[in-house]
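Single-structure report; data block below.
Each value in this text was obtained by applying a stated rule to the coordinates, not by laboratory testing. Computed from a predicted structure; not experimentally measured. Glycine also receives a Cβ, built like all others from the backbone with ideal geometry; neighbour counts cover every protein chain displayed.
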Ligand code: UDP
């Protein structure tokens, strides 16, 4: 019987990308194995993910196995949950509803193959124990965020307050610098949030697995990795499961899903014409979008900085779904005034290929972990502007622990003239200051040197004898 590893990514572009890379790594070292990726039909999935799956399917490696569609019942009309929370509640409900389909798929695959391991980046619910296949959790973000999730059951027992209520209180999470409660992942700031319960359950479930795989490497996060491996972030008496830090796994620069051929070649041709390390690249992940008021401040800040820049702008309402009308949403005359030293791209750009380009000297990022690993792999220093999910935590670690980034500060504004509601935004002056600091001042130089050193360490980790190479070999040995 053919030996197979089954991968099941969480919804979201970066989960799929990271799983595909894990599958490729397995096949590269063990061409005799087959890889099957389970694809759930989730209402929130974007066209970017589908186009990426199509792109990868053409290579025949790995095999995609579509789970049957589910029709989640509408979330209960709970007056206390606002729109985002309702959406998150519905996403968690879909994940739960897919469990029987995943079990059916694993049973069906087992009829014709010997399943060596089931690796998921979703909560590996105890339902999966029924089929007696070794279960591994693949954490696609940093070890520092993992340390927090593993420590969550302990925090939960120490206080009855939510992170929202704890607010400025500094949390002591093993392996992490002190971090404010308000900087914890957004979908779990309130105790009644569905995200809070999902991750609390995840934290309790992980110690029972065959192993935890993390897309990071030893020299990037030595303290957090040690805290997990030694068991410091687990509740007392819990034996830590084996930990495999196998990263950095990043997308192939050739897999330019979501980018039209024209956009791709336009960006790279433009970069070819710029001096070495002179361009600051601004891009905020698959979902990072800003209000028109914030876009205006960013535009003025970039203009005042006098730096060369390549900026990916999403539509304020629709994100990646539709292309924005740049003439309408950016300040009048901005494109004309900056055209000699800037390129503004609509909605999506080939980020990996851009970060790899020698003309790029800095990256303003939302701190999504894939973006961070891409910057680290190419030695590009960062300005961190976290937006959602666990990105605020990633930002603190990038600045305080890894020392690869400069933070950007927010200020409070009234949302509209005469309107009392306050919103947080970054001022044009702050954008100008941080971009200049990154690109022309001493702080930027120091970060650049450290980033280039880290690039060398990232490569070393993945080559024979390196920490990630060895961890991956241990992982495969655990299947036999
Ligand atoms: N990405 C891209 N072009 C874009 C925006 C994003 O290629 O215009 C890619 C980026 O290179 C990364 C992924 O999408 O591989 C985003 O993953 P990340 O974890 O950084 O952020 P998320 O989208 O999950 O917030």
| request: Tally the DSSP beta bridges in the chain and give the antiparallel ones as a percent, rounded to 5. | output: 15
| P(r) for the stretch 266-323: what percent of alpha-carbon pairs falls in each 5 Å bin, starting at zero? | 4, 17, 24, 22, 19, 12, 3, 0
| Dimensions in Å of the stretch 130-185 - Rg and Dmax from alpha carbons | 14.0, 45
| task | Measure nothing but the geometry: give the 0 to 90° angle between the long axis through the Cα atoms of 143-158 and the longest principal axis through the Cα atoms of the chain, rounded to 10°. | result | 70
| Fraction in percent of alpha-carbon pairs per bin - 5 Å, the stretch 260-412 | 2, 9, 19, 23, 23, 16, 6, 1, 0
| request: For the stretch 1-64 and the stretch 185-217, write down the distance between their C-alpha centroids in whole Å. | output: 22
| task | State the Cα centre-to-centre distance between the stretch 136-167 and the stretch 438-469 in whole Å. | result | 28
| note | Largest first and rounded to whole Å, the semi-axes √(5λ) derived from the alpha carbon gyration tensor of the chain read 35, 26, 24
| field | For the stretch 102-221, share of DSSP beta bridges that run antiparallel, in % to the nearest 5 | value | 20
| message | Need the C-alpha centroid separation for the stretch 311-357 versus the stretch 86-126, integer Å. | response | 38
| How far, in degrees from 0 to 90, does helix 428-440 lean away from the longest principal axis of the Cα atoms of the chain, to the nearest 10? | 80
| Per the helix-only calculation at 222 nm, which mean residue ellipticity applies to the chain, given -39500 (n - 2.57) for every DSSP H run of n ≥ 4 and division by its residues, nearest 500 deg cm²/dmol? | -12500 deg cm²/dmol
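Give the peptides 353-364, 126-137 in descending order of average Cβ contacts within 10 Å, highest first.
353-364, 126-137
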| remark: In Å, the C-alpha Rg and Dmax of the stretch 195-250 are 12.0, 35
| query | Among rounded, prolate and oblate, which fits the stretch 70-214 when a ≥ b ≥ c are the square roots of the eigenvalues of its C-alpha gyration tensor, a/c under 1.5 means rounded, and a/b larger than b/c means prolate? | reply | oblate
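Quick one, what does Rg over Rh come out to for the stretch 164-277 if you take C-alpha atoms and the Kirkwood Rh?
Taking Rg over the Kirkwood Rh, I get 1.12.
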| Principal-axis tilt of helix 369-378 within the chain, Cα atoms, nearest 10 degrees | 70
| query | Can you give the direction-averaged projected area of the convex hull of the alpha-carbon atoms in the stretch 322-463, in nm²? | reply | 10.7
